[in-house]
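K.L.:
Please see the structure below; I have some questions.
The values are calculated or read from the model by the stated rules, or taken from the named source; none is laboratory data. None of these values were measured; they are calculated from a predicted model. Positions of Cβ are generated from backbone atoms using ideal geometry, with glycine treated the same way; all protein chains shown enter the neighbour counts. Surface accessibility is based on the protein's heavy atoms, side chains included, excluding ligands, DNA and RNA. Shrake-Rupley method; radii C 1.70, N 1.55, O 1.52, S 1.80 Å.
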Amino acid sequence: MKKYYYDLHIHSCLSPCGDDESTPNSIVGMGKINGLDIMALTDHNTSKNCPAFFEAAKHYGIIAIAGMELTTSEDIHVVCLFETLEEALAFDKVIEEKRVLVENRTDIFGNQLVCDAFDNVLAHEKYLLSNATTISFDDIKEFAGQFGGVCIPAHIDRESNSVTAVLGGLPKDSGFKFAELHNKENNVNFKDIPCEFIISSDAHYIWDINEKENYFILPDDDENAVKNLFKLLRN
């Protein structure tokens, strides 16, 4: 068995609140410096920078996970992770139809940049990505599961856009195995949450990406690390 150090909630320059310097290439480069093994790219309501993220991750020897931080119709953030890039992009295509299209104001919300693995800007996303979709919190787990996705309620220790802030807690019958904390020391405040916890950064700047601290214990098999991780996240 082996410790795999992770950060499963990171935003790139495609998220409107993400720094323009947080390109997929820069993100995995910082993860390498920080000693991480597994990283997930989870932009707001999109996975369009995941192809570049995967290509860059190969160069740095990082195990890449394709994901998305989805905003439910109640304005709750949920991290959705996918075992393959193809599943994430299929989910992304469907989510485009579930978004409420409001044109982005770059002067207020910032740029939304689609990049390649070499920091070149390929496109600007026209419509604001951070607003709510039409998918409810009650439905997201099953909906993402149709694409092989695993859902994790995001930053439950924050006072905005978390299930605890919006609903007052996580329903005991919600069926989530894991919930995310931004600060691991806050676990003592959520003893009534019927989940295990992961600790991720929700980084919007590369310097906020987690360092080598939080880990999963998985079989010592880098080639199958993603498959083994998803077994852990699901079972």
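K.L.:
Of the residues that sit in the stretch 191-204 and are buried (at least 17 other Cβ atoms within 10 Å of the Cβ) and more than 13 Å from the chain's Cα centre (by Cα), which one is modelled with the lowest pLDDT?
P.N.:
Ile193
K.L.:
If a residue has to be among the aliphatic types (A, V, I, L, M) and part of a loop (DSSP other than H, G, I, E, B) to count, how many in the stretch 20-56 make the cut?
P.N.:
Summing the residues that are among the aliphatic types (A, V, I, L, M) and part of a loop (DSSP other than H, G, I, E, B) in the stretch 20-56 gives 1.
K.L.:
Follow-up question, since we're still on this one. When you look at Lys126, is it among the basic types (Lys, Arg), over 18 Å from Thr72 (Cβ atoms), modelled with pLDDT of 95 or more and surrounded by fewer than 17 Cβ atoms within 10 Å (Cβ to Cβ), yes or no? Spell out how you get there, then give the answer.
P.N.:
Details: among the basic types (Lys, Arg): yes; over 18 Å from Thr72 (Cβ atoms): yes; modelled with pLDDT of 95 or more: yes; surrounded by fewer than 17 Cβ atoms within 10 Å (Cβ to Cβ): yes.
Yes; evaluated as a whole, the condition is true for this residue.
K.L.:
Can you confirm whether the stretch 45-52 contains a residue that is of a type in the set (A, V, I, L, M, F, W, C), crowded, with 24+ Cβ neighbours inside 10 Å and either at pLDDT below 95 or farther than 12 Å from Phe118 by Cα (or both)? So that I can check it myself, show each step before the final result.
P.N.:
So in the stretch 45-52, the residues of a type in the set (A, V, I, L, M, F, W, C) come out as 50, 52.
This time we only want the ones that are crowded, with 24+ Cβ neighbours inside 10 Å, so: 50, 52.
Pick out the ones that are also either at pLDDT below 95 or farther than 12 Å from Phe118 by Cα (or both) and you get 50.
Yes, the stretch 45-52 has at least one match.
K.L.:
Here's something else I'd like to know. Please specify each residue of the stretch 202-235 satisfying the condition of being touching a strand residue (DSSP E or B) at 6+ places or on another chain (Cβ under 7 Å), of a type outside the set (D, E, K, R) and not in a loop (DSSP other than H, G, I, E, B).
P.N.:
Correct list: Ala203, Tyr215, Phe216, Ile217, Leu218, Ala225, Val226, Asn228, Leu229, Phe230, Leu232, Leu233.
K.L.:
Residue by residue through the stretch 65-97, note down the ones that are open to solvent by 10 Å² or more (accessible area, probe 1.4 Å) and closer than 17 Å to Asn161 by Cβ.
P.N.:
Within the stretch 65-97, Ser73, Glu74, Asp75, His77 meet the criteria.
K.L.:
Something else about it: Check off (1) surrounded by fewer than 24 Cβ atoms within 10 Å (Cβ to Cβ); (2) outside any helix (DSSP H, G or I) for His9 and give me the number that stays unchecked.
P.N.:
(1)
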